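The values are calculated or read from the model by the stated rules, or taken from the named source; none is laboratory data. This one's a predicted model, so the numbers in the text were calculated from it and none came from an experiment. Cβ placement follows ideal geometry from the backbone for every residue including glycine, while neighbour counts extend to all protein chains displayed. All accessible areas refer to the heavy atoms of the entire protein, side chains included, with ligands and DNA or RNA removed. Shrake-Rupley method; radii C 1.70, N 1.55, O 1.52, S 1.80 Å.
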Amino acid sequence: MTRVSAWGRLSCDEHRVVPLLDPRKIIEQLRRSPLPGLAHGAGRSYGDVGLNPGGTLWATTALDRFISFDPATGRLVCEAGVLLRDIQQVMLSRGWMLPVTPGTQIVTIGGAIANDVHGKNHHRQGSFGDHVLGMRLIRTDGQVIDCSPDHEPQWFAATVGGLGLTGLIVQAELQLRQVAGPWMDSETIAFDTLHDFFRLAGQSEDDWEYSVAWIDCLSRSGRGLFMRANHGDAGLQSGRRPRTDVRKKGMPFVPPFSLVNRLSLRPFNSAYYHLNRCKPSRQVVHFEPFSYPLDNLLDWNRMYGPKGFYQYQSVVPQEAGLDATSAMLQAIAGSGEGSFLAVLKTFGARRSMGMLGFPRPGVTLALDFPNQLGRTQRLFERLDAIVREAGGAIYAAKDARMPRHLFESGYSRLPEFLPFRDKGISSGLSRRLMDY
């Protein structure tokens with residue numbers, strides 16, 4: 001048995017880890033493995049969606065082969081353990097990249113599909129599942145299911161955003177997008193209130209593909225920095241080249257207490273806001289620091305200390321967005337809890353095609369909170385009440401503690417999903433929020 005933690009480092013539980021090395025032997029390995037089991041990729045899920053305490057984890061990162069690519073259409077077939085970063089690095093020089101990525105590239109294709117991840121361009125490109133043309137699923141009884149939006153569409157809808165519970169995703173076909181290069185034309189605008197944020201978000205939808213805001217979670221007014229960008233070729237025209245000598249930094253150890261605390265949070269947020277509002281607002285930037293600002297800070301999750309941290313990400317309908325977001329920020333500011341990493345953005349009109357998909361029209365707020373035990377849980381109860389009253393949901397892919405009633409109210413297609421579950425697959429999250 002091996003101890004495995006999620007990215008939030010809230011626990012370190014024993015698992016039986018079975019590496020999947022040969023796609024031809026997967027069915028045999030699943031049959032030999034003690035059940036229940038669960039696929040495990042890069043381990044970047046914050047909560048227990050990727051953990052199976054006391055059970056089997058099928059490690060998929062060795063299933064990292066590119067199978068085929070059509071340079072004329074941008075169709076890529078690859079195994080499920082391929083990292084998003086690998087696709088970006090290989091395909092960008094050919095003029096293609098992934099249409100949708102989350103805030104880190106250290107995610108496997110299987111994990112991106114199972115959690116139907118989204119990015120800063122949801123209003124243009126939807127979520128990850130919108131660009132999956134098909135996939136192969138292996139069930140623990142040996143059944144192999146090839147599904148797509150047109151072939152076995154119910155299996156496809158259950159598996160996209162299905163939290164890894166319908167079977168083991170082993171292969172996928174993706175539609176990439178053409179780009180001129182790695183450069184983006186970006187603009188950063190400081191705002192002082194939530195009204196300003198919503199005005200900027202509305203104004204940006206037609207002309208900007210990417211938009212997101214960092215928000216000072218301790219500011220009751222809702223001040224922050226609105227960032228928006230488009231793919232461009234200005235960097236190419238000027239002869240700029242991406243830096244290849246960027247030195248990655250990291251947290252070499254776990255401090256004895258969280259570095260994110262009441263003493264550090266307020267001065268950091270204030271300094272970050274004022275320093276960035278004084279920088280030039282228009283810049284040509286490489287897509288990686290814009291899209292994945294923490295990927296060069298290795299093991300940044302250690303900064304929260306030995307107790308770990310939670311990420312709380314909610315979505316509420318657009319019509320409730322201003323009031324609900326304001327109420328959540330008031331509760332957070334009043335508690336003194338919060339994070340350096342607070343992200344506010346709007347989703348477009350497109351719902352996730354997955355039965356348990358999180359992206360939907362509305363406003364999403366994501367924050368990291370150091371684990372302060374009862375104090376943190378009491379804050380979450382207040383936030384839960386605001387989200388539920390607004391008719392919203394919590395992102396299950398990042399969750400480690402939401403109550404079952406909020407899961408059931410936030411995911412109305414849950415009864416439709418349950419018949420597609422693989423009875424040989426279970427996770428900490430599924431045991432907490434479902435029957436097994």
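So for region 298-307 (the condition being under 18 Å from the mean Cα position of the chain (by Cα) and either buried (at least 23 other Cβ atoms within 10 Å of the Cβ) or assigned to a helix (DSSP H, G or I) (or both)), does at least one residue qualify?
Among the residues of region 298-307, at least one is under 18 Å from the mean Cα position of the chain (by Cα) and either buried (at least 23 other Cβ atoms within 10 Å of the Cβ) or assigned to a helix (DSSP H, G or I) (or both), which makes the answer yes.
So in region 390-419, with the set limited to residues that are in contact (Cβ under 8 Å) with a residue 60 or more places away in the chain and closer than 16 Å to residue 324 by Cβ, which one is nearest to the chain's Cα centre (by Cα)?
Within region 390-419, the match that is nearest to the chain's Cα centre (by Cα) is 395.
Kindly state which helices (runs of 4 or more DSSP H) lie completely within region 367-425 and contain at least 3 residues that are out of contact with any helix residue (DSSP H, G or I) (no Cβ under 6 Å at 6 or more places or on another chain) and either open to solvent by less than 10 Å² (accessible area, probe 1.4 Å) or on the phi > 0 side of the Ramachandran plot (or both).
Result: 374-389.
Determine whether residue 186 is surrounded by fewer than 18 Cβ atoms within 10 Å (Cβ to Cβ), small (Gly, Ala, Ser) and farther than 19 Å from residue 423 by Cα.
Judged against the criteria, residue 186 is not a match.
Checking residue 350 against (1) open to solvent by 10 Å² or more (accessible area, probe 1.4 Å); (2) at pLDDT 95 or above, which test does it fail?
For residue 350, the failing item is (2).
Provide a single number: the residues in region 164-180 that are in a strand (DSSP E or B) and open to solvent by less than 20 Å² (accessible area, probe 1.4 Å).
5
Keeping to region 277-332, report how many residues are in contact with a strand residue (DSSP E or B) (Cβ under 6 Å, 6 or more places away or on another chain) and among the acidic types (Asp, Glu).
Summing the residues that are in contact with a strand residue (DSSP E or B) (Cβ under 6 Å, 6 or more places away or on another chain) and among the acidic types (Asp, Glu) in region 277-332 gives 1.
Please verify whether residue 3 is among the basic types (Lys, Arg), open to solvent by 20 Å² or more (accessible area, probe 1.4 Å) and not in a strand (DSSP E or B), treating the condition exactly as stated.
no
Suppose we keep only residues that are surrounded by 21 or more Cβ atoms within 10 Å (Cβ to Cβ) and without any contact (Cβ under 8 Å) to a residue 40 or more places away in the chain within region 89-105. Which one would you say is farthest from residue 46 (Cα to Cα)?
100
In region 106-118, what residues are farther than 16 Å from residue 359 by Cβ and open to solvent by less than 10 Å² (accessible area, probe 1.4 Å)?
Correct list: 108, 109.
Limited to region 90-115, what total is found for residues that are among the polar types (S, T, N, Q), farther than 16 Å from residue 163 by Cα and in contact with a strand residue (DSSP E or B) (Cβ under 9 Å, 6 or more places away or on another chain)?
Matching residues across region 90-115 total 1.
Against the conditions (1) part of a loop (DSSP other than H, G, I, E, B); (2) in contact with a Gly (Cβ under 6 Å, 6 or more places away or on another chain), where does residue 137 fall short? Just the number, please.
The number of the failed condition is (1).
Could you list, in sequence order, all residues of region 128-144 that are of a type in the set (Gly, Ala, Ser) and in contact with a strand residue (DSSP E or B) (Cβ under 9 Å, 6 or more places away or on another chain)?
134
Scan region 261-293 for residues that are farther than 23 Å from residue 222 by Cα, open to solvent by 30 Å² or more (accessible area, probe 1.4 Å) and not in a strand (DSSP E or B) and jot them down.
Listed by number, the residues that qualify are 288, 289.
Would you please list the contacts, defined by Cβ atoms under 9 Å and residues six or more apart or on different chains, that run from a residue in region 145-156 that is assigned to a helix (DSSP H, G or I) to a residue that is crowded, with 17+ Cβ neighbours inside 10 Å and among the polar types (S, T, N, Q)?
Listed by first residue and then by second, the contacts come to 155/166.
If I go through region 119-156 residue by residue, how many of them are within 19 Å of the chain's Cα centre (by Cα), among the small types (Gly, Ala, Ser) and either surrounded by fewer than 24 Cβ atoms within 10 Å (Cβ to Cβ) or more than 20 Å from residue 414 (Cα to Cα) (or both)?
Summing the residues that are within 19 Å of the chain's Cα centre (by Cα), among the small types (Gly, Ala, Ser) and either surrounded by fewer than 24 Cβ atoms within 10 Å (Cβ to Cβ) or more than 20 Å from residue 414 (Cα to Cα) (or both) in region 119-156 gives 2.
Could you check how many residues of region 328-342 are open to solvent by 40 Å² or more (accessible area, probe 1.4 Å) and not in a loop (DSSP other than H, G, I, E, B)?
The total comes to 2.
Going by what's in this entry, would residue 431 be described as farther than 24 Å from residue 318 by Cβ, in a helix (DSSP H, G or I), open to solvent by 10 Å² or more (accessible area, probe 1.4 Å) and not hydroxyl-bearing (Ser, Thr, Tyr)?
Yes; evaluated as a whole, the condition is true for this residue.
Since residue 345 meets every condition but one in (1) among the basic types (Lys, Arg); (2) surrounded by 17 or more Cβ atoms within 10 Å (Cβ to Cβ); (3) at pLDDT below 90, which condition does it not meet?
Only one criterion in (1) among the basic types (Lys, Arg); (2) surrounded by 17 or more Cβ atoms within 10 Å (Cβ to Cβ); (3) at pLDDT below 90 is unmet by residue 345, namely (3).
Considering each of 170, 179, 212, 246 in turn, give the residue that is modelled with pLDDT under 95, of a type in the set (A, V, I, L, M, F, W, C) and at negative phi.
Result of the check over 170, 179, 212, 246: 246.
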